[in-house]
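Step one of this worksheet: look at the structure below.
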Amino acid sequence: MRVDMFSRVLPFFAGAFALLASGVLLAQQPKPEIGRNETACCKTSSGQNACGDIIPLQCRGLEIKVYNRQGLHVRTIPPPMTQAERAAAEKKRREELAARAQAREQARQDHALLQTYTSLADIDQRQKSAEGAVNAELNNILAKIGASKQKIGELRQEASLHSAQNIPMALAQSIRDEEFEMQAQNDLLAAKRRELDLIRERYTNDRLRYIALTEQNKR
């Protein structure tokens, strides 16, 4: 009885196994990328032509040409990219994204520039005003430096009346304080001069860009 039961069940399992095996084979087939009434062809590594109404296994990883039912070439499916090609494509994609972002930012800045200035004379006036404020600070700093130099000279003259070992502590401290103050003013002077240079650079760039934009709008 056991042998008879086994003989009945065996065909069922055999059929199921066959279906499973065919499913695995189908899963291994390349994904069809051609439509109805189309033929895919490629030149294999051995130099032979392989064609089929689905992409032949021999064409995997190769360039594939697709033909319609009249035998006319309709498109080409390129081979998969190598790792180096994928890296290059990704680099190009990122560069294009960065370029588009830069273009949007430039457009934003151009719009802001045209909203800020009404004419070249307006730019000139704003630059003159900005430089005037910094120049006033520079003159004030230079005056302080001059006063410190004079004060240091007077204090050193007073110190010269004493021997190096007998200069009063308060006098020596006053000299050090004035020297420190003069150094601080010199540092501030350098910073303000850099600020003045940046103002000139900014308005020069704004003026050139304004000219370019207004000339472009006239066309």
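Within segment 165-210, if we keep just the residues that are in contact (Cβ under 8 Å) with a residue 60 or more places away in the chain and open to solvent by 40 Å² or more (accessible area, probe 1.4 Å), the residue that is farthest from N135 (Cα to Cα) turns out to be R209. Just one of (1) touching a residue at least 40 places away in the same chain (Cβ under 8 Å); (2) farther than 30 Å from N139 by Cα; (3) out of contact with any Leu (no Cβ under 9 Å at 6 or more places or on another chain) fails for L213. It is (3).
Within the option set K149, K144, K128, being touching a helix residue (DSSP H, G or I) at 6+ places or on another chain (Cβ under 6 Å), in a helix (DSSP H, G or I) and open to solvent by 40 Å² or more (accessible area, probe 1.4 Å) holds for one residue only, K144.
When segment 16-54 is filtered for residues that are closer than 20 Å to T82 by Cβ, modelled with pLDDT of 90 or more and either of a type in the set (V, I, T) or surrounded by fewer than 10 Cβ atoms within 10 Å (Cβ to Cβ) (or both), only T44 remains.
Scan segment 74-125 residue by residue and report those that are open to solvent by 60 Å² or more (accessible area, probe 1.4 Å) and in contact with a Gly (Cβ under 8 Å, 6 or more places away or on another chain). The answer is P80, and nothing else. Any residue in segment 73-84 that is under 30 Å from K43 (Cβ atoms) and assigned to a helix (DSSP H, G or I)? Within segment 73-84, one or more residues are under 30 Å from K43 (Cβ atoms) and assigned to a helix (DSSP H, G or I).
Applying a threshold of 8 Å to beta carbon distances and a minimum spacing of six or more residues, or different chains, the list of pairs starting in segment 72-101 at a residue that is closer than 30 Å to E38 by Cβ and ending at one that is outside any helix (DSSP H, G or I) and of a type in the set (D, E) reads V74/E38; T76/E63; I77/E33; I77/E63; P78/E63; P79/E63. Being at positive phi, at pLDDT 80 or above, surrounded by 10 or more Cβ atoms within 10 Å (Cβ to Cβ) and not hydroxyl-bearing (S, T, Y) is true of G61.
Return yes when R69 is basic (K, R), closer than 23 Å to G52 by Cα, open to solvent by 100 Å² or more (accessible area, probe 1.4 Å) and over 13 Å from the mean Cα position of the chain (by Cα) and no when it is not. Yes: the conditions hold for R69.
The values are calculated or read from the model by the stated rules, or taken from the named source; none is laboratory data. Since the model is a prediction, treat every value here as computed from it, not as a measurement. Every residue, glycine among them, receives a Cβ derived from its backbone with ideal geometry; neighbour counts consider all protein chains shown. For accessibility, only protein heavy atoms count, side chains too; no ligands or nucleic acids. Shrake-Rupley method; radii C 1.70, N 1.55, O 1.52, S 1.80 Å.
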